[in-house]
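Quick note: the coordinates plus some simple rules give every number you see, no bench work behind them. Remember, predicted model here, so these are calculated numbers, not experimental data. Quick reminder, even Gly has a Cβ in these numbers, built from the backbone with ideal geometry, and neighbours come from all protein chains shown.
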């Protein structure tokens, strides 16, 4: 499907990982008149680009923050302790970076620390 969208010169699909579901948005040829301006500019992105790449292109993120976003995209229920283990970093470093991502408006914690989830 991604290859066909690229052949049709359409933007890449948008992948969303929510707490209880996963969704993919495909845009048709009329998308430029129906969707926000920033989606019009995704037309020339490469096939391997993801939603994270779009965020990283518009906001200055460090390497750790990019990895955190990538892991949360794959699992919105991941804990800071699990992030620290996956990235081989201290929990304090993860907390500092998730706080910065929240301050930038990129990341939001929904619900309690123990049973909540991340939203990008």
Simple SL model, points at 7 angstrom along Cα→Cβ for residue 70 and residue 95; separation in nm is 2.6 nm
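Given 0.36 nm per residue, what is the gain on full extension from residue 9 to residue 79 after removing their alpha carbon distance, in nm?
Numbers: separation 70, 0.36 × 70 = 25.20 nm, distance 3.81 nm.
Extending this stretch completely gives an extra 21.4 nm.
Stretch residue 120-residue 16 to full length: gain in nm at 0.36 nm per residue minus the Cα-Cα span?
Details: separation 104, 0.36 × 104 = 37.44 nm, distance 0.85 nm.
Here the segment from residue 120 to residue 16 would lengthen by 36.6 nm.
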May I ask you to order 61-68, 103-110 by the average number of other C-beta atoms within 10 Å around their residues, highest value first? 61-68, 103-110
